[in-house]
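Report on one structure; see the data block that follows.
Just so you know, all these numbers are worked out from the coordinates, no wet-lab data involved. This is a predicted model, so every value here is computed, not measured. Note that we place each Cβ from the backbone using ideal geometry, even for glycine, and neighbour counts take in every protein chain shown.
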Amino acid sequence: MVMGLLAGTYATYYHNFVWKLPVHYSICGFIASVITMVVVSLLTKKADPKILDETMTGLYIKPRKEEQSIAGEATHTVKR
């Protein structure tokens, strides 16, 4: 998000004092943020599935089914 802020600030300065951009200057900050998030996520290592099971984080914030559990045993019980 810092990269988006910096890119947006630079694009605002460029738009107002140097040359008019063909798009709104905030789009430059958005694009810089998205590119930075993708690059950082590709460079960092994947989280251990056991940690994801214990903390209930990941793509869906809910416990996995027993057969999908990496630990081999149900770490959470769901009460309905």
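In this rough spin-label picture, where each label sits 7 Å from Cα along the Cβ direction, the Leu21-Thr36 distance is 1.4 nm. Mean separation of Cα pairs under 8 Å and 6 or more residues apart, divided by the residue count, gives the stretch 2-43 a relative contact order of 49 percent. Under the simplified labelling scheme, the Tyr10-Lys46 pair shows an inter-label distance of 3.3 nm, with each label point 7 Å from Cα along Cα→Cβ.
Computed from phi, the 3J(HN,Hα) profile of the stretch 21-38 under the Karplus parametrisation 6.51, -1.76, 1.60 (θ = phi - 60°) reads 7, x, 10, 5, 5, 5, 5, 4, x, 4, 4, 4, 5, 5, 4, 5, 4, 5 Hz, with x in place of Gly and Pro.
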